[in-house]
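Have a look at the structure below, then the notes.
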Amino acid sequence: MRIPERGQDAEALLATLETYRAKDIDWRSGRTFAYVYDAGREAEAVGKRAYAAFLTENALDPTAFPSLLRLENELVSMGATHLSGGPEVAGNLTTGGTESIILAVKAARDRARALRPEVTRPNMVLPVTAHAAFHKAAWFLGVEPVPVEVDPGTFRAGPDQAKDAIGPDTVLVVGSAPSYAHGVCDDIPGLAALARDHGIPMHVDACVGGWMLPFFRRLGADVPAFDFSVPGVTSISMDLHKYAFCPKGASLILHRDKSYREHQIFSFSGWTGYTIVNPTVLSTRSGGPMAAAWATLRFIGADGYESHARALLDATRRIVDGVSAIPGLRVMGSPDFCLVAVASDEVNVFHVVDEMNRRGWYIQAQLGFRGHAANFHLSVHPGVVGRVDEMLGALAECVEIARGLPPTGLSEMVKGAVETLDLASIPPEAFAQLLAVAGIQGTTLPERTAGINEILDALPTSVREELLRRFFNDLNHIGDEGAP
Ligand SMILES: *Cc1c(COP(=O)(O)O)cnc(C)c1O
């Protein structure tokens, strides 16, 4: 495609853009339990108006746009206050949880560089349930992740599991509040005490739960301590574009005080251009997400969040009870949040995902890992609470259908093949063959994804990753689409 020779009509272009959405997931239907956190049309409209109003302003230089500095400081202040932090908390708005986590790891690494020069090979202590973003941060920043197992029944990490992982090169201990996969909060007070005993910073990943958990607690839910009220917690990441329902591109990285945030900032003048001082990963930063988050938080307000929280707690309780009552299904652990992972010892969960999908319900498959079973995941948000009973009915039906489907034999086949393979030297054709067995031709996914998931589930993680890297390398590719 090339740009048109003559500029085109705005209305026609916007209409064409709408047609591009045709195959997107229909999240407005209230049947999508992932990706979109929908607090209704009014909140959406306010966020979008504020976003558009500040889209062009640039936070690259806060002295040129004091409006954005003010918005960012007020967002940090609202976030810090919400998480029991005082006025000494220092933080920034980032584009998402991944960026907040990268900055937390960077600050911890550079703090160790400054204060503990004897550390030459920094590592971080990371429960296996911690978000993949920490591994991405580790990879970008040259910090080695030291995995920590979680309790196999509760999926919780605590000091008993973590204590042997801490060593002389550890620069950060991580816990989740909660983990995305199972919605379970780690033992943050226990992990933070352990970190403090060793003089090591502790990061709490409250990306998904940080905003909503205090409202759950206010309503009497048993929410374990996870925020700045816990001694030893030195930084927290909290997404506003998840359960604060702000438009995407908004997360907070918060540090207990400036002495920790200091190491997050990049400052550079060794080139011929303008001197750069970047507290976050990005340099040019749109004011849109800031203004949108600011407006959304204040539009919904504590009373609004509390009523969303009430609906979410109720819906989650109904899902946990409803799922437990479906023969063949079991909820993994006991979720502290409105995220539910469901496994089965009787049916292939990937078939359940496909069958639900065929009926217009979107639920997420999660692969097995280190002995933790493959499962499907439900993110409960206000947009779906009205359809929980209907979803449970569909789920019961899909489980029975999955029970009746013949075994594919794919996982046995792949496991057998993998045992004879030298994983380091798999030729590209072998990956193409694997993809073909799963029903993938070129970059076209089959309607049923169970085959793909079964194959991925049977492969070692390194091979899964390689397979998916190749697939995306092909998927994200300029083809021969004609110009519209
Ligand atoms: C979503 C999530 C992240 C990553 O956030 P993004 O905004 O997708 O980059 C990190 N940790 C947890 C627990 C999450 O749920």
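The values are calculated or read from the model by the stated rules, or taken from the named source; none is laboratory data. Only a predicted model underlies this, so the values are computations on that prediction, with no experimental measurement involved. We place every Cβ from the backbone using ideal geometry, glycine too, and count neighbours over all the protein chains shown.
Quick rundown of the values:
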| quantity | calculated |
| --- | --- |
| Residues that are outside any helix (DSSP H, G or I) and more than 16 Å from the ligand (Cβ to nearest atom), drawn from the range 80-89 | Ser84, Gly85, Gly86, Pro87, Glu88, Val89 |
| Number of the condition not met by Ser259 [criteria: (1) touching a strand residue (DSSP E or B) at 6+ places or on another chain (Cβ under 6 Å); (2) over 26 Å from Ala295 (Cα atoms); (3) among the hydroxyl-bearing types (Ser, Thr, Tyr)] | (1) |
| Per-region count, the range 130-142, residues touching a strand residue (DSSP E or B) at 6+ places or on another chain (Cβ under 6 Å) and crowded, with 24+ Cβ neighbours inside 10 Å | 2 |
| Candidate set: the range 415-467, residues that are hydroxyl-bearing (Ser, Thr, Tyr) and not in a loop (DSSP other than H, G, I, E, B); chosen: the one nearest to His477 (Cα to Cα) | Thr444 |
| Every pair of residues 6+ apart whose Cβ atoms lie under 7 Å, when the first sits in the range 287-307 and is within 30 Å of Ala64 (Cβ to Cβ) while the second is part of a helix (DSSP H, G or I) and among the charged types (D, E, K, R) | Met290/Glu72; Trp294/Glu74 |
| Answer residue from the range 143-183, given it is within 14 Å of the ligand (Cβ to nearest atom) and of a type in the set (S, T, N, Q) and is surrounded by the most Cβ atoms within 10 Å (Cβ to Cβ) among those | Ser176 |
| Subset of the range 193-223 (residues that are away from the ligand (no atom under 15 Å from the Cβ) and acidic (Asp, Glu)) | Asp197, Asp222 |
| Residues located in the range 375-408, provided they are buried (at least 20 other Cβ atoms within 10 Å of the Cβ) and outside any helix (DSSP H, G or I) | Asn375, Phe376, His377, Leu378, Ser379, Val380, His381, Pro382, Gly383, Val384 |
| Among (1) more than 16 Å from the ligand (Cβ to nearest atom); (2) within 26 Å of the chain's Cα centre (by Cα), the one test that His131 misses | (1) |
| Total residues in the range 316-341, condition out of contact with any His (no Cβ under 8 Å at 6 or more places or on another chain) and closer than 21 Å to Phe155 by Cβ | 16 |
| Val281 vs. criteria of a type in the set (Val, Ile, Thr), surrounded by 21 or more Cβ atoms within 10 Å (Cβ to Cβ) and within 16 Å of the ligand (Cβ to nearest atom) | no |
| Residue in the range 90-111 that is assigned to a loop (DSSP other than H, G, I, E, B), at pLDDT 95 or above and more than 16 Å from the ligand (Cβ to nearest atom) present | no |
| The range 239-253, residues that are closer than 20 Å to Ala137 by Cα and touching an Asp or Glu at 6+ places or on another chain (Cβ under 9 Å) | Ala250, Ser251, Leu252, Ile253 |
| Per-region count, the range 224-253, residues hydroxyl-bearing (Ser, Thr, Tyr), out of contact with any strand residue (DSSP E or B) (no Cβ under 8 Å at 6 or more places or on another chain) and within 12 Å of the ligand (Cβ to nearest atom) | 1 |
